[in-house]
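Colleague: Starting off with a structure, shown below.
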Amino acid sequence: VVARPGHSARTILQAVALSSKSGLSRGRKVMLSALGMLAAGGAGLAVALHSAVSASDLELHPPSYPWSHSGFLSSLDHTSIRRGFQVYKQVCSSCHSMDFVAYRHLVGVCYTEDEAKALAAEVWGLGMPGTQDGRVVMRLSVAGGGSRRGGGRADLHGGEDYIFSLLTGYCEPPTGVSLREGLYFNPYFPGQAIAMAPPIYTDVLEFDDGTPATMSQIAKDVCTFLRWASEPEHDHRKRMGLKMLMMMALLVPLIYTIKRHKWSVLKSRKLAYRPPK
């Protein structure tokens with residue numbers, strides 16, 4: 001670069017830099033781009049692996065189970081809800097309450113109104129104290145007594161997969177792991193040490209419909225019941241979604257046809273410019 005009178009040193013340096021960049025060969029540019037992409041990919045992979053290890057913290061994540069109600073238009077298994085309520089009533093209600101679920105909510109889901117009234121009467125043992133104006137108003141927390149140790153709506157935390165894995169995941173701690181007295185090892189629980197004793201095991205109860213009470217069956221049924229308790233409108237929401245899809249299947253073609261008809265005049269007209277003579 002030849003300096004001309006009036007050119008400053010800074011201008012000369014900028015010209016030299018530009019000439020050096022433009023002088024890079026095509027192969028060198030491709031090589032530099034490939035190295036940059038590899039470096040960025042390696043850094044992203046390292047960050048992802050570090051985040052995964054930090055988030056898990058030696059915690060075993062539950063697998064994804066093929067629940068019958070997980071489909072886009074699949075409903076809950078109401079016979080499973082009934083068995084799950086039986087599990088909750090006989091096993092879980094002594095420690096875990098359900099303050100926002102009443103016996104009347106079971107009517108039409110897994111029990112008839114007379115059966116729900118009979119269930120409420122069994123708890124009190126005095127006629128029909130859980131009814132008011134012919135409706136079952138007593139809540140499950142009153143029946144189970146679990147309000148002493150906790151309350152609130154059924155919280156699935158990580159969903160049915162987490163609850164199922166937690167209930168069936170109790171095992172002996174691995175070699176080298178020691179737990180304090182009163183704690184149990186469960187790889188699906190954060191920290192792996194849980195104070196709740198294994199609540200279910202095979203034949204812990206007998207189902208009214210004669211279904212074999214295996215551990216996995218009991219866990220599956222109580223998870224289905226909790227899924228319904230956390231979202232009682234599950235089936236209604238999917239029915240409404242199906243109705244909306246059917247309505248949209250009729251309305252969308254109609255709206256599209258009307259749109260094409262209304263705008264066809266504007267879209268098909270031709271504007272011609274005629275300059276003044």
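Colleague: Once the convex hull of the alpha carbons of the stretch 199-241 is built, what does its volume come to per residue, in cubic angstrom? Write down the numbers at each step before the final one.
Modeller: Numbers: hull volume 3.7 nm³, N = 43.
Normalising the Cα hull of the stretch 199-241 by residue number yields 87 Å³.
Colleague: What residues qualify as long-range amide H neighbours of V107, i.e. H under 5 Å apart, gap of 5 or more or another chain, H built at 1.01 Å from N?
Modeller: Result for V107 returns nothing.
Colleague: Looking at the square roots a ≥ b ≥ c of the eigenvalues of the Cα gyration tensor of the stretch 155-234, which shape do they give, rounded for a/c under 1.5, prolate if a/b is larger than b/c, or oblate?
Modeller: Working: a/c = 2.87, a/b = 1.52, b/c = 1.89.
Since a/c reaches 1.5 but b/c is at least a/b, the shape of the stretch 155-234 is classed as oblate.
Colleague: Another question about this same structure. In whole Hz and in residue order, list the ³J(HN,Hα) couplings for the stretch 229-243 that follow from phi through the Karplus curve 6.51 cos²θ - 1.76 cosθ + 1.60, θ = phi - 60°; x for Gly and Pro.
Modeller: Each residue of the stretch 229-243 in turn: 5, 7, 8, x, 8, 3, 5, 5, 4, 6, 5, 5, x, 5, 5 Hz.
Colleague: How much accessible area per residue does the stretch 153-206 have, in Å², with a 1.4 Å probe? Working shown, then result.
Modeller: Working: 3240 Å² over 54 residues.
Ligands and nucleic acids excluded, the result is 60 Å² per residue.
Colleague: For every other residue with a beta carbon closer than 13 angstrom to the beta carbon of L167, add +1 if it is Lys or Arg and -1 if Asp or Glu, then tell me the sum. Mind showing how you got there, number by number?
Modeller: Numbers: positive: K220; negative: E160, D161, D221.
Summing Lys and Arg as +1 and Asp and Glu as -1 gives -2.
Colleague: Oh, and also: Take peptides 77-85, 91-99, 202-210 and line them up by average Cβ neighbours within 10 Å, highest first, as a rough protection proxy.
Modeller: Details: 77-85: 21.3, 91-99: 19.1, 202-210: 11.3.
Going by the mean number of other Cβ atoms within 10 Å, highest first, we get 77-85, 91-99, 202-210.
Colleague: Can I ask one more? Check cross-link reach from K29 to the lysines: straight Cα distance under 28 Å, and skip same-chain residues fewer than eight apart.
Modeller: Result set, ordered by chain and number: K21.
Colleague: Carbon-plus-sulfur fraction of the accessible area of the stretch 196-267, 1.4 Å probe, in percent? Don't skip to the answer; put the middle values down first.
Modeller: Working: 3310 of 4860 Å².
That fraction is 68 percent.
Colleague: Separate question: Could you list, in their original order, any pairs among K89/K238; K117/K220; K238/K267; K220/K243 whose Cα atoms are separated by more than 32 Å? Could you put the intermediate results ahead of the total?
Modeller: Numbers: K89/K238 28 Å; K117/K220 26 Å; K238/K267 40 Å; K220/K243 30 Å.
K238/K267, as the Cα separations exceed 32 Å there.
Colleague: Could you pull out every one of the lysines with an alpha carbon less than 29 Å from that of K270, ignoring same-chain neighbours closer than 8 positions?
Modeller: K259, K262
Colleague: At 1.4 Å probe size, with no ligands or nucleic acids counted, give the accessible surface of K259 in Å², nearest ten.
Modeller: Rounded to the nearest 10, the figure is 80 Å².
Colleague: Specify whether the C-alpha gyration tensor of the stretch 194-277 places it in the rounded, prolate or oblate class, a ≥ b ≥ c being the square roots of the eigenvalues: rounded for a/c under 1.5, otherwise prolate if a/b is larger than b/c and oblate if not. Don't jump to the answer; show the numbers that get you there.
Modeller: Numbers: a/c = 7.25, a/b = 4.14, b/c = 1.75.
Note, shape of the stretch 194-277 comes out prolate.
The values are calculated or read from the model by the stated rules, or taken from the named source; none is laboratory data. Source: prediction; values computed, not measured. Cβ atoms come from the backbone with ideal geometry, glycine included; neighbour counts cover every protein chain shown. Heads up: the accessible areas ignore ligands, DNA and RNA and are worked out on the full protein's heavy atoms, side chains in. Shrake-Rupley method; radii C 1.70, N 1.55, O 1.52, S 1.80 Å.
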